[in-house]
1. Taking into account only those residues within region 154-174 that are of a type in the set (Phe, Trp, Tyr) and in contact (Cβ under 8 Å) with a residue 24 or more places away in the chain, which is farthest from Glu262 (Cα to Cα)?
2. For region 282-291, indicate whether the set of residues that are more than 20 Å from Val129 (Cβ to Cβ), assigned to a helix (DSSP H, G or I) and of a type in the set (Asp, Glu) is non-empty.
3. I'd like the full set of residues that are surrounded by 13 or more Cβ atoms within 10 Å (Cβ to Cβ) and more than 17 Å from the chain's Cα centre (by Cα), limited to region 142-153.
4. Would you confirm whether any residue within region 290-304 is more than 25 Å from Pro152 (Cα to Cα) and surrounded by fewer than 19 Cβ atoms within 10 Å (Cβ to Cβ)?
5. For a quick check of your reading: which helices (runs of 4 or more DSSP H) sit entirely within region 212-271 and have at least 3 residues that are aliphatic (A, V, I, L, M)?
6. Just to be sure, is Ser283 touching a residue at least 40 places away in the same chain (Cβ under 8 Å), farther than 16 Å from Gln78 by Cα and among the small types (Gly, Ala, Ser)?
7. Just to check your reading of the model, which residue among Leu256, Leu260 is surrounded by 18 or more Cβ atoms within 10 Å (Cβ to Cβ), farther than 13 Å from Cys119 by Cα and either touching a residue at least 60 places away in the same chain (Cβ under 8 Å) or among the acidic types (Asp, Glu) (or both)?
8. Looking at (1) over 35 Å from the mean Cα position of the chain (by Cα); (2) surrounded by fewer than 19 Cβ atoms within 10 Å (Cβ to Cβ); (3) more than 20 Å from Val133 (Cβ to Cβ), which is the one condition that is false for Val224?
Amino acid sequence: MGSPAERLRSSDPAPGAVPTLPQALDSARAGGTPIAPAERLPTAARARRGVPALVWVLPPVVLLGVFFLYPLFLVVQQSVRPDTGGTSLQPYADVFASDAFREALGTTVWLALGATAGCLVLGFALALVIAFVPFPGGKAVSKFIDVFLSFPSFLITLALLFVYGTKGMANGVWTDATGAADGPFQFLTTPWGVLLAEITYFTPFVMRPLLAAFSQIDTAQLEVASSLGARPGRIVRRVILPEALPALAAGGSLVLVMCLNEFGIVLFTGAKGVTTLPMLVYSEAMLESDYPAACVAAVVNIAISVGLYGLYRVVSRRAGA
């Protein structure tokens, strides 16, 4: 059979012949001349390496500019174009001085903060039960959460209208049982109804990262803590909660951003007394035809959302690390 070196020399190609890939790899493994990265690339890939990087970067940049950056530029431009003509910051001064804008901004912020807090508390409790309390159908519930994330927000609001609306099931049961003309559940068209709908819809967005974080917890830690006499509440505070904090921060940041921009839930609940920034943009543009004011409100909404999204990215990166 001969030595390995003799077998390798016997498999060498004839002078001037192009070695096959197995022969080249054998030569490299035997300590021969290393194969350069460019030589390992297919011919088409080597041909692409000669194309300037600008050719590959330019098309997506152009598409991004045409379909996103240019419309955004038009919104910002319109926000400094008052109806009197010219370029001025007067639309910002007028909008910031209006009671409608201040009320919409305050309503948007407190609804977003309240919904985020409710989602964090409810999502943490439900994720604890699904992850650590064995019950029939637990895996099915976990899978349903993934499906729930794909539901549109107005669908959840519509379901709540069927249950708690003025003519919903809960009021229908009450009127049938008591003979009253109206039922007691009239909160869905109030800010509390919007808050309930947002918590119902956005809670799974907190549960998903929490369930992923809980799956990484070593159950041996829980068993040791339990064997040392720690009660369930202490185990949650001292063992589970520290591991869940990054996921809670990431999920809460995402929910806060989405609540600030939520439009469908407020619209479908029919809460006429609830005006958020997205609703203000809609009413100023579509109902009042005051496009500079609508664009000013939109720019403020975008600025807040981009800032919070940057915070969400930072938190998510740290959570992943």
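1. Kept after step one, since they are of a type in the set (Phe, Trp, Tyr), are these residues of region 154-174: 154, 162, 164, 174.
After this cut, where a residue has to be in contact (Cβ under 8 Å) with a residue 24 or more places away in the chain as well, the list is 154, 164.
On the way: Phe154: 10, Tyr164: 21 Å.
Once the filter is applied, the top-ranked residue is Tyr164.
2. Filtering region 282-291 down to residues more than 20 Å from Val129 (Cβ to Cβ) leaves 282-291.
Within this subset, residues satisfying the condition of being assigned to a helix (DSSP H, G or I) are 282-287, 291.
If we keep only those that are of a type in the set (Asp, Glu) too, we end up with 284.
Yes, some residue in region 282-291 is more than 20 Å from Val129 (Cβ to Cβ), assigned to a helix (DSSP H, G or I) and of a type in the set (Asp, Glu).
3. Ser142, the sole residue that qualifies.
4. There is at least one residue in region 290-304 that is more than 25 Å from Pro152 (Cα to Cα) and surrounded by fewer than 19 Cβ atoms within 10 Å (Cβ to Cβ).
5. Values: elements: 219-227, 232-235, 241-260, 264-269.
Once the helices (runs of 4 or more DSSP H) in region 212-271 are filtered for at least 3 residues that are aliphatic (A, V, I, L, M), what remains is 219-227, 241-260, 264-269.
6. Values: touching a residue at least 40 places away in the same chain (Cβ under 8 Å): no; farther than 16 Å from Gln78 by Cα: yes; among the small types (Gly, Ala, Ser): yes.
It is false that Ser283 is touching a residue at least 40 places away in the same chain (Cβ under 8 Å), farther than 16 Å from Gln78 by Cα and among the small types (Gly, Ala, Ser).
7. Values: Leu256 fails: farther than 13 Å from Cys119 by Cα.
It is Leu260.
8. (3)
The values are calculated or read from the model by the stated rules, or taken from the named source; none is laboratory data. Given the structure is predicted, the values throughout are model-derived calculations rather than measurements. FYI the Cβ positions are ideal-geometry reconstructions off the backbone, even for glycines, and counts take in every protein chain you see.
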